[in-house]
1. Along the stretch 88-93, what does the Karplus equation 6.51 cos²θ - 1.76 cosθ + 1.60 (θ = phi - 60°) give for ³J(HN,Hα), rounded to whole Hz, x for Gly and Pro?
2. Between residue 141 and residue 128, what is the spin-label point distance in nm, taking each point 7 Å from the Cα along the Cα→C-beta axis?
3. Looking at the chain, identify the longest residue range that excludes and avoids all chymotrypsin sites (Phe, Trp or Tyr not before Pro) in DSSP loops having at most 12 other Cβ atoms within 10 Å.
4. For q values of 0.13, 0.18 Å⁻¹, compute log₁₀ I(q)/I(0) with the Debye formula on a Cα-only model of the stretch 58-158, without solvent.
5. Suppose every Lys and Arg Cβ carries +1 and every Asp and Glu Cβ carries -1, with no other charges. What dipole size does the stretch 34-146 come out with about its Cα centre, to the nearest 20 debye?
6. For the chain, modelled as a GNM with alpha-carbon contacts under 10 angstrom, which of 54, 176, 156 fluctuates the most?
7. What accessible surface, in Å², does a 1.4 Å probe find on residue 152, ignoring ligands, DNA and RNA and rounding to the nearest 10?
8. Taking only the alpha-carbon positions of the stretch 17-83 and ignoring solvent, what does the Debye formula give for the base-10 log of I(q)/I(0) at q = 0.19 Å⁻¹?
Amino acid sequence: MSFVVEVNPIALPEVGSVVGIDLGLEHFAVLSDGHKICAPQLLRRAEKVLKRRQRELSRKLKGSANRDKARRKAARAHAKVADARHDFHHQLSTALIRENQAIAVEDLAVKALGRTRLAKSVHDAGWSSFVGMLEYKARLHGRTFIKIGRFEPTSQTCSACGAKDGPMPLHVRAWQCGACGAHLDRDINAAINVAKAAGLAVTACRAQVRPPSGMASRDEAGTHPKSHRDSV
């Protein structure tokens, strides 16, 4: 027996926070407020089990009952990884929708990245599925979902002053703006620029951007009294 129930969309109460999201591999999602969500890497963790199941399957005689049992075991192992990834996407997308009134993400070229040496990690992350969940949950609960163009220079632009420093290799995770001297985290800076490109009001100070150090003025230099931390 099966039942079909129609449920009306439930609008969540409005909140004042907005967020830009930069999707990646080492950190699955980096938010414009400075939070980083580590990638679970479910396929990498289950790789040994999956290889063993596939090896057992390849050794069975075609058409035999043992091959059918091995096929079911391999299918269950793959399904377990897929279900865990699906659950991770659901929990994270639901939390982001509840906590933010507007969400902005970048339109990634997943198919093109799937043909590079990072293909396994890209497919393991499942960005398309996650973005799809964000989109339909935002529509269901009265949130704003914005997807910006993939050619927006989010990683090359300083979120503090807007200057462009040009493309940088992937191993550069932090850099200093040549125009204003601010020290920027590559991923957080990109998340802020994603939000700004979508028209969301976020500030660079939320992303732990450090201003350039400078010399203290003459009236500020000197010996300061012991702080409360030192006196304890």
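1. 4, 4, 5, 5, 5, 5
2. Calculated label separation equals 2.5 nm.
3. 4-150
4. -0.66, -0.97
5. The calculation lands at about 1140 debye.
6. Checking each option, the largest mean-square fluctuation is seen for 54.
7. Around 90 Å² of this residue is reachable by solvent.
8. -0.75
The values are calculated or read from the model by the stated rules, or taken from the named source; none is laboratory data. Predicted, not measured: the structure shown is a model, and the values here were computed from it. Here the Cβ is made from the backbone with ideal geometry for all residues, glycine too, and neighbour counts use every protein chain on show. We work out accessible area using only protein heavy atoms, side chains counted, and drop any ligands, DNA or RNA first. Shrake-Rupley method; radii C 1.70, N 1.55, O 1.52, S 1.80 Å.
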